[in-house]
Structure formats: structure tokens, C-alpha cells
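All remarks here apply to the structure that follows.
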Amino acid sequence: MALLEILTIPDPKLKTKAEKVTQFDADLQRLTEDMFETMYAAPGIGLAATQVDVHKRVVVMDISENNDEPRVFINPVITEKDGIQTYEEGCLSVPGIYAKVKRANQITVSFQDVQGETHALTADGLLAVCVQHEIDHLNGIVFLDHLSALKRKMALKKLAAAAN
Ligand code: GNR
Ligand code: NI
């Protein structure tokens, strides 16, 4: 197992669109294990491979209190969306910044597991937020991109001030 370095904005590599996974092999298994270790250590409730500079469509997640519900989503695709919810989001790639983001309230996501088996999951609440947040990363999008230009500017100003 290994801790991976998490990219932070404004790193341009966070804007990379990740490639579909086609090889369900030992390297993929090891990547998910390293991503879990990195996510739990951060700590965070989700991590997209993009954030650790691996541009493949791989997401790990655990929204449980006790870190005992690990979930892996390979090649996730949202097939249904319903309603709207607003959630105060944070991101390991945007440290210390929190902002309300509007997203679908309920989603159905189709994905593969590390063996390549296909599954579908219907989720709402935080799980739905997290799946949408992580799929955004795979498409080179961070939550700040959902904010108004003014709110994004304020968040970036705060981030720059914190870095000094
Ligand atoms: O740890 C995280 N918490 C979180 C809180 C609200 C909405 C989304 C998230 S995901 C984030 C980890 C992360 O940056 N994943 O990409
Ligand atoms: Ni994030």
C-alpha cells in the first residue's frame, strides 16, 4: 500500500478528462487500494483517480461514520437524475474552501467493480452528491466550476490568501 500525492488547484492536471478502464488487472486492484489509503488518511469521503494524477475512470468512496463501507466505481455513468439538492461541499483538491453546490437529488449510476462486473446503484443525499462530485473530477471539473463567477472569485481569493 502507498499514500499518493493529492493534486490541488490551480494544477492544470486536474482539468484532464480521464480515460475508460479496459484492463481489470492487479494494477487496477493496487490503484484502488492506494486510493483508499490516501482517502482515509486525508481524511476524505471520496477520491477520484484524477486527484492523484492517474487519468483513468476510477473512484473510491466511503461515506460511513466508521470507514467500514468502502465503495469502488469504475467507469461510472449516471443514467438517471431526479430533483435538486443543495449541499455544502468541500474537496481535497481545494483545501479549506466550502461552498453550497446544487446537484441532482437522486441519481442512478451504472459502474463496474474491480473485477469488471457491471452494477447499478440508485442513491440520494450525500452519496448522490459524492458520486456526482467524483464523476466531475473524472471530467476535469471541480466544485468551484459550479459556482457563480463572483463566488468562485471569492473562493480563489481565500485559497490564495491561505497559501501565503
Ligand atoms: O471529503 C470530501 N468531502 C465532501 C463533502 C461534501 C461533498 C463532497 C465531498 S468529496 C470530498 C473528497 C474529495 O475531494 N473528493 O473528490
Ligand atoms: Ni473533490
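The requirement of being modelled with pLDDT of 95 or more, touching a helix residue (DSSP H, G or I) at 6+ places or on another chain (Cβ under 9 Å), farther than 19 Å from Pro43 by Cα and not in a loop (DSSP other than H, G, I, E, B) is satisfied by Val109.
Within the stretch 20-71, restricting attention to residues that are part of a helix (DSSP H, G or I) and among the charged types (D, E, K, R), the residue that is most open to solvent (accessible area, probe 1.4 Å) is Arg30. Taking the stretch 137-146 as the range and being in contact with a helix residue (DSSP H, G or I) (Cβ under 7 Å, 6 or more places away or on another chain) and without any contact (Cβ under 8 Å) to a residue 60 or more places away in the chain as the test, only Phe143 passes. Residues in the stretch 133-152: is at least one under 13 Å from Tyr87 (Cα atoms), crowded, with 17+ Cβ neighbours inside 10 Å and aromatic (Phe, Trp, Tyr)? Within the stretch 133-152, one or more residues are under 13 Å from Tyr87 (Cα atoms), crowded, with 17+ Cβ neighbours inside 10 Å and aromatic (Phe, Trp, Tyr).
Considering only residues in the stretch 72-92 that are in contact (Cβ under 8 Å) with a residue 40 or more places away in the chain and charged (D, E, K, R), the one that is least open to solvent (accessible area, probe 1.4 Å) turns out to be Glu89.
Scanning the stretch 93-132 for residues that are touching a Gly at 6+ places or on another chain (Cβ under 9 Å) and either open to solvent by 20 Å² or more (accessible area, probe 1.4 Å) or of a type in the set (Ser, Thr, Tyr) (or both) yields a count of 5. Of all residues in the stretch 1-19, exactly one satisfies the criterion of being open to solvent by less than 50 Å² (accessible area, probe 1.4 Å) and assigned to a helix (DSSP H, G or I), namely Leu14. When restricted to residues that are in contact (Cβ under 8 Å) with a residue 60 or more places away in the chain and within 15 Å of ligand 2 (Cβ to nearest atom), the stretch 12-56 contains 11.
A single entry from Val114, Val59 fulfils the requirement of being away from ligand 1 (no atom under 16 Å from the Cβ), over 20 Å from Arg152 (Cα atoms) and in contact with a helix residue (DSSP H, G or I) (Cβ under 8 Å, 6 or more places away or on another chain): Val114.
Taken together, the criteria exclude Gly83 from residues that are within 13 Å of ligand 2 (Cβ to nearest atom), within 30 Å of Lys153 (Cα to Cα) and of a type in the set (Gly, Ala, Ser). Condition check for Cys130 on (1) more than 16 Å from ligand 1 (Cβ to nearest atom); (2) touching a strand residue (DSSP E or B) at 6+ places or on another chain (Cβ under 8 Å); (3) hydrophobic (A, V, I, L, M, F, W, C): one failure, at (1).
The values are calculated or read from the model by the stated rules, or taken from the named source; none is laboratory data. The structure displayed is predicted, hence computed values, not measured ones. Neighbour counts run over all protein chains shown; Cβ positions are idealised from the backbone, glycine included. For accessibility, only protein heavy atoms count, side chains too; no ligands or nucleic acids. Shrake-Rupley method; radii C 1.70, N 1.55, O 1.52, S 1.80 Å.
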